[in-house]
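**Student:** After the structure tokens below, expect a handful of questions from me.
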Amino acid sequence: MNDIIHKEFYWLRALIENRIANHFQDNVKLMDDSRNFDISPSFYEKFIDRYDLTMSEQKVIALALSYYIAPSLLDIFLTKNESTNVPFVEFGGFLRDDFSGFIPTIRTALFLLAGNNTKEYIEKMKLFENSNTLFMKGLLDRSRLRDDISLLDTQLVLSLDSINSILYGKDIEHEYTAKFPAILMKSSYEWEDLILQKHTKEHLLELDMWLNHKDTLLHEWGMDGKVQKGYKALFYGLSGTGKTLTVTLLGKRYNRAVYRISLSQVISKYIGETEKNLEYIFDVAKQRDWILFFDEADSLFSKRTKVSNSNDRYANQQSAYLLQRIEDFSGLVILASNLKDNFDDAFLRRFQTIVYFPLPDRDERLKLWKNGFSKKANLEDIDLEDIAQEYELSGANINNIIRLVSLMTIQRGDTKISQEDIVTGIKREKYKEGKII
């Protein structure tokens with residue numbers, strides 16, 4: 001891999017020197033920009049193939065990468081104009097007090113791609129529009145774009161995603177920010193640990209089949225274009241019944257990252273901001289083959305009455321945008337809600353699978369109680385079968401109670417679980433739901 005990057009920079013140096021020579025000398029022709037070396041197999045090749053990068057886009061990526069790995073390669077751009085005693089303005093870039101090298105900008109990339117050919121220069125500027133690959137798919141760092149700086153004078157910076165993909169062949173873990181309103185879901189549990197009712201598991205098999213056989217269906221069976229490329233599912237049921245855990249473990253089972261978007265937190269008061277932020281998530285998710293999980297879906301998609309003010313109109317605009325984006329997404333999207341009745345029939349018809357997560361029955365509650373305690377916990381005085389029979393609780397309720405009771409036992413310096421502590425825990429869980437027992 002290091003050898004390939006070294007050769008890539010050698011190729012880039014030749015391109016830069018040739019462009020500068022062509023710029024100042026009429027008798028110098030532009031060189032053939034194709035590589036005379038093979039970049040396969042490498043993470044770099046996979047990165048180029050993943051995004052289907054054009055040769056111009058590959059040059060931009062190589063230029064941006066050189067700033068991190070081989071900044072001396074760009075020293076040639078520090079050549080000064082004898083008339084002004086500063087570097088040539090057409091080279092773009094800038095200097096900084098804390099760094100002695102040349103810092104490339106988008107103008108630097110355009111010079112490399114087009115030189116002084118005005119028509120070509122204007123054409124290549126399209127590469128840096130938000131709707132094109134470099135920014136839309138997050139290959140370049142969009143955070144460097146500022147209203148007070150010209151686009152052309154914006155620093156050319158690779159995103160951390162791109163650097164990690166090119167050098168190490170792995171994706172970074174995105175952190176929740178205002179511009180990336182999604183959280184990576186993780187769990188120490190395995191798929192086999194899921195305790196669900198039989199009919200729920202049967203419906204989940206539909207998602208299993210899709211994740212296992214979608215490529216065969218779309219390509220080998222020639223169904224691409226006849227059925228949608230993506231898959232949409234709705235999980236509904238009371239809080240604590242396993243919807244979120246199921247999505248998380250589905251991703252773990254198929255080695256797919258699952259990112260959760262809480263719609264109630266995403267909706268922006270600024271028109272267009274919600275759409276812009278979600279657009280980036282969808283674009284990255286498509287490239288990374290993520291599973292997108294929209295929690296609290298009824299906050300945006302619930303049945304609406306007639307529009308009575310600007311807030312209603314904007315909510316409808318956001319709903320329409322997101323519906324269309326989900327419809328067009330080629331991956332797996334799962335929405336979660338407490339109640340299916342919150343949605344109208346037209347909305348529900350958009351889903352390939354609708355899965356109901358009921359409260360666990362007596363047998364499932366018993367499994368949850370038995371599996372939930374640590375092996376160090378002494379349960380000899382506890383009748384879990386009686387507790388499972390008497391108290392109707394969700395999986396989340398039971399998990400919370402086991403946590404509380406275990407802490408109370410540890411606090412006493414003991415390992416023996418107390419029936420009284422379990423009843424106390426149950427009462428507290430019911431109290432949180434507004435119920436007193």
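The values are calculated or read from the model by the stated rules, or taken from the named source; none is laboratory data. Computed from a prediction, not measured in an experiment: that's the story for all the values here. FYI the Cβ positions are ideal-geometry reconstructions off the backbone, even for glycines, and counts take in every protein chain you see.
**Student:** Condition check: in contact with a Phe, Trp or Tyr (Cβ under 7 Å, 6 or more places away or on another chain), modelled with pLDDT under 95 and not acidic (D, E). Does S337 satisfy that?
**Tutor:** yes
**Student:** If I filter the range 398-437 down to residues being among the acidic types (D, E) and farther than 19 Å from P360 by Cβ, which single residue comes out as surrounded by the fewest Cβ atoms within 10 Å (Cβ to Cβ)?
**Tutor:** E420
**Student:** Applying the selection to the range 152-196, what residues are charged (D, E, K, R) and at pLDDT 90 or above?
**Tutor:** D153, K186, E190, E192, D193, listed by residue number.
**Student:** Can I ask one more? Which of the residues belonging to the range 44-55 are modelled with pLDDT of 90 or more and either surrounded by fewer than 18 Cβ atoms within 10 Å (Cβ to Cβ) or hydrophobic (A, V, I, L, M, F, W, C) (or both)?
**Tutor:** E45, K46, F47, I48, D49, D52, L53, T54, M55
**Student:** Does the range 356-366 contain any residue that is at pLDDT 90 or above, surrounded by 16 or more Cβ atoms within 10 Å (Cβ to Cβ), among the hydrophobic types (A, V, I, L, M, F, W, C) and out of contact with any helix residue (DSSP H, G or I) (no Cβ under 8 Å at 6 or more places or on another chain)?
**Tutor:** Yes: one or more hits.
**Student:** Still on this structure, I have one more. Checking the conditions here, which among Y176, Y231 is touching a residue at least 40 places away in the same chain (Cβ under 8 Å), aromatic (F, W, Y) and surrounded by 14 or more Cβ atoms within 10 Å (Cβ to Cβ)?
**Tutor:** Exactly one residue qualifies, and that residue is Y231.
**Student:** Is it the case that some residue within the range 390-399 is among the aromatic types (F, W, Y), in a loop (DSSP other than H, G, I, E, B) and out of contact with any Ser or Thr (no Cβ under 6 Å at 6 or more places or on another chain)?
**Tutor:** Yes, the range 390-399 contains at least one residue that is among the aromatic types (F, W, Y), in a loop (DSSP other than H, G, I, E, B) and out of contact with any Ser or Thr (no Cβ under 6 Å at 6 or more places or on another chain).
**Student:** Pairs needed: first member in the range 18-43, touching a residue at least 40 places away in the same chain (Cβ under 8 Å) and surrounded by 10 or more Cβ atoms within 10 Å (Cβ to Cβ); second member anywhere, part of a loop (DSSP other than H, G, I, E, B) and hydrophobic (A, V, I, L, M, F, W, C); C-beta distance under 6 Å; at least 6 residues apart or different chains.
**Tutor:** Within 6 Å, the pairs are N22/V28; N22/L30; S42/M1.
**Student:** What single numbered condition from (1) surrounded by 13 or more Cβ atoms within 10 Å (Cβ to Cβ); (2) without any contact (Cβ under 8 Å) to a residue 60 or more places away in the chain fails to hold for A182?
**Tutor:** (2)
**Student:** Would you confirm whether any residue within the range 146-156 is of a type in the set (S, T, Y), surrounded by 12 or more Cβ atoms within 10 Å (Cβ to Cβ) and in contact (Cβ under 8 Å) with a residue 12 or more places away in the chain?
**Tutor:** Among the residues of the range 146-156, at least one is of a type in the set (S, T, Y), surrounded by 12 or more Cβ atoms within 10 Å (Cβ to Cβ) and in contact (Cβ under 8 Å) with a residue 12 or more places away in the chain, which makes the answer yes.
**Student:** Say we look at the range 33-76 and pick out the residues that are more than 22 Å from I106 (Cβ to Cβ) and of a type in the set (D, E, K, R); which of these is nearest to the chain's Cα centre (by Cα)?
**Tutor:** Among those that are more than 22 Å from I106 (Cβ to Cβ) and of a type in the set (D, E, K, R), it is R50.
**Student:** Is there a residue being closer than 21 Å to A14 by Cβ and under 29 Å from the mean Cα position of the chain (by Cα) anywhere in the range 109-119?
**Tutor:** Yes.
**Student:** Consider the range 339-362. How many of its residues are part of a loop (DSSP other than H, G, I, E, B) and either charged (D, E, K, R) or under 23 Å from L278 (Cα atoms) (or both)?
**Tutor:** 7
**Student:** Is at least one residue of the range 3-23 more than 33 Å from the chain's Cα centre (by Cα), of a type in the set (V, I, T) and in a loop (DSSP other than H, G, I, E, B)?
**Tutor:** There is no residue in the range 3-23 that is more than 33 Å from the chain's Cα centre (by Cα), of a type in the set (V, I, T) and in a loop (DSSP other than H, G, I, E, B).
**Student:** Among the residues of the range 385-397, is there at least one that is of a type in the set (S, T, N, Q) and crowded, with 18+ Cβ neighbours inside 10 Å?
**Tutor:** Looking for residues that are of a type in the set (S, T, N, Q) and crowded, with 18+ Cβ neighbours inside 10 Å, one finds at least one in the range 385-397, hence yes.
**Student:** Out of all the residues in the range 162-191, which are in contact with a helix residue (DSSP H, G or I) (Cβ under 9 Å, 6 or more places away or on another chain) and closer than 26 Å to L368 by Cβ?
**Tutor:** Within the range 162-191, M185, K186, S187, Y189, E190, W191 meet the criteria.
**Student:** Right, something else. Hey, can you tell me all the residues within the range 183-193 that are part of a helix (DSSP H, G or I) and over 18 Å from S394 (Cβ atoms)?
**Tutor:** W191, E192
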